[in-house]
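Engineer: Below are the structure tokens for one structure; questions will follow.
The values are calculated or read from the model by the stated rules, or taken from the named source; none is laboratory data. Here the structure is a predicted model, which means the values were calculated and not measured. Please note: Cβ atoms are built from the backbone with ideal geometry, for glycine as well, and neighbour counts cover all protein chains shown. Just so you know, the surface numbers come from the protein's heavy atoms only, side chains and all, with ligands and any DNA or RNA stripped out. Shrake-Rupley method; radii C 1.70, N 1.55, O 1.52, S 1.80 Å.
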Amino acid sequence: MSPKHDVGAIASHFQIDDAFLSSTPYGSGHINDTYCVIFSQGAVTVRYIFQRINHRIFTNPAALMENIERVTSHLAARVSSEPDSLRRVLSLIPAHDGRFWHVDPERNYWRAYRFIERARSYDTVTSTNQAFQAAKAFGRFQKLLADLPAPRLHDTIPDFHHTPKRFANFDHAVNSDVVGRAKSALPEIDFAYKRHAITAILLTAGLPERVTHNDTKFNNVMLDDSTGEGICVIDLDTVMPGLALYDFGDMVRTATSPSLEDEKDLSKVTMQFPMFEALVRGYLASAGEFLTKEERQYLAFSGKLISFEMGLRFLADYLAGDTYYKVNRPDHNLDRCRTQFKLIESIEQQEGKMNRLVDSL
Ligand SMILES: Nc1ncnc2c1ncn2[C@@H]1O[C@H](COP(=O)(O)OP(=O)(O)O)[C@@H](O)[C@H]1O
Ligand SMILES: [Mg+2]
């Protein structure tokens, strides 16, 4: 038994014929509880990933699982003729009742995936080739889902990237100033108000709605151990209808700066142009086929917008007294906001060059 959950008991509800051997907490994800679970199949062992869905964040696990089920079965059909197709898409294991989840006595929702072997996810990008591979994998994910049949996927987190609403929440947090912190964030508040006008740009640009991943951090793609290829996109909890550029923008936000999200030394926060170039090239290598001219035009801008959105969220949470994000120090959310805003400054300094690169490809 694992320290927190009796994963052996959970596993007995899934359609796995092999004998349960052991389970260990796995990975460095911050949202769900993930376990690597080992079963014996005669002389060999087989691994699965079991996850308890965080239903504090995802309040409708059944809708979320329906999205994942539709997306993974569509992807599986689309890659079935490719070599190594089983490692190119997450595959859900059904429970004995035929559903793709199991609810335990504490009302926790559980799911099981086949383990993607001979591949790994990494927390930080260390080379431009890794950035290229990740962006190509996320672009391919969007491409393969472009013909997902109706109906529309569930909006499991409504208005997730509605930047004007995020701005309105921030504005409300400034005006209410419930914990009296506004006076210690005056430069950041000013920075945000000065950029209000950018919040509506993508929403009013008439861009097509697509199936998007919405959590395109580098550690949500598995890279093949021998080839380095971005073989499988994982962490599908936020798959929803959205704009393609939200996914690309979040890659720019999370993969172009060598620093941590809560780095205090802001001189370390910078948009590294070669990483941006690798992201654009990787993304266009797969998504280039379906992106419209208008979508391409906003590739550089999208990184700035998503960084702004996250900065606003961190700042609003700081002003509200740290009610959403976990903090380990009093100014933690303000530090996180500052890294986002520093990244925006770095993007603004290079935006002309970034746009010229996109235009040249
Ligand atoms: N099917 C899988 N095969 C192998 N490893 C996996 C699989 N699914 C997830 N993982 C590993 O578990 C980690 C956490 O999973 P993830 O779904 O990203 O959870 P979180 O939402 O908490 O980030 C991943 O970073 C990855 O290393
Ligand atoms: Mg993850």
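Engineer: How many residues does the stretch 22-55 hold that are assigned to a strand (DSSP E or B) and open to solvent by 70 Å² or more (accessible area, probe 1.4 Å)? Reasoning before the result, please.
Structural biologist: We begin by selecting, within the stretch 22-55, every residue assigned to a strand (DSSP E or B); these are 22-25, 33-41, 44-52.
Now narrow it down to the ones that are open to solvent by 70 Å² or more (accessible area, probe 1.4 Å): 24-25, 41, 44-45, 47.
Total meeting the criteria: 6.
Engineer: Please enumerate the residues belonging to the stretch 231-273 that are assigned to a helix (DSSP H, G or I), in contact (Cβ under 8 Å) with a residue 24 or more places away in the chain and more than 16 Å from ligand 1 (Cβ to nearest atom).
Structural biologist: Once the filter is applied, which keeps residues that are assigned to a helix (DSSP H, G or I), in contact (Cβ under 8 Å) with a residue 24 or more places away in the chain and more than 16 Å from ligand 1 (Cβ to nearest atom), the stretch 231-273 yields Ala244, Leu245, Tyr246, Phe248, Gly249, Val252, Arg253, Leu266, Phe273.
Engineer: Right, another one. Of the residues Gly242, Gly230, Gly180, which single one is within 16 Å of ligand 2 (Cβ to nearest atom), at pLDDT 95 or above, small (Gly, Ala, Ser) and more than 16 Å from Gln340 (Cβ to Cβ)?
Structural biologist: Answer to the selection: Gly230.
Engineer: Can I ask one more? Considering only the stretch 201-230, state which residues are touching a residue at least 60 places away in the same chain (Cβ under 8 Å) and among the charged types (D, E, K, R).
Structural biologist: Scanning the stretch 201-230 gives Arg210, Asp224, Asp225, Glu229.
Engineer: Let me ask something additional. Looking only at the stretch 274-292, count every residue that is assigned to a helix (DSSP H, G or I) and either surrounded by fewer than 19 Cβ atoms within 10 Å (Cβ to Cβ) or not assigned by TED's automatic domain parsing to the domain that holds Ile344 (or both) and tell me the total.
Structural biologist: 3
Engineer: Is it the case that some residue within the stretch 238-256 is basic (Lys, Arg) and more than 18 Å from the chain's Cα centre (by Cα)?
Structural biologist: No, every residue in the stretch 238-256 fails to be basic (Lys, Arg) and more than 18 Å from the chain's Cα centre (by Cα).
Engineer: If you go through the stretch 61-81 one residue at a time, do you hit one that is closer than 24 Å to Ala134 by Cα, in contact with a helix residue (DSSP H, G or I) (Cβ under 6 Å, 6 or more places away or on another chain) and open to solvent by less than 30 Å² (accessible area, probe 1.4 Å)?
Structural biologist: Scanning the stretch 61-81, I find at least one residue that is closer than 24 Å to Ala134 by Cα, in contact with a helix residue (DSSP H, G or I) (Cβ under 6 Å, 6 or more places away or on another chain) and open to solvent by less than 30 Å² (accessible area, probe 1.4 Å), so the answer is yes.
Engineer: From the list Glu309, Glu295, which residue is over 18 Å from Thr254 (Cβ atoms) and crowded, with 19+ Cβ neighbours inside 10 Å?
Structural biologist: Answer to the selection: Glu295.
Engineer: Quick one: Asp215 ticks every box in (1) open to solvent by 10 Å² or more (accessible area, probe 1.4 Å); (2) touching a Phe, Trp or Tyr at 6+ places or on another chain (Cβ under 9 Å); (3) within 13 Å of ligand 2 (Cβ to nearest atom); (4) not hydrophobic (A, V, I, L, M, F, W, C) bar one, so which box is it?
Structural biologist: (2)
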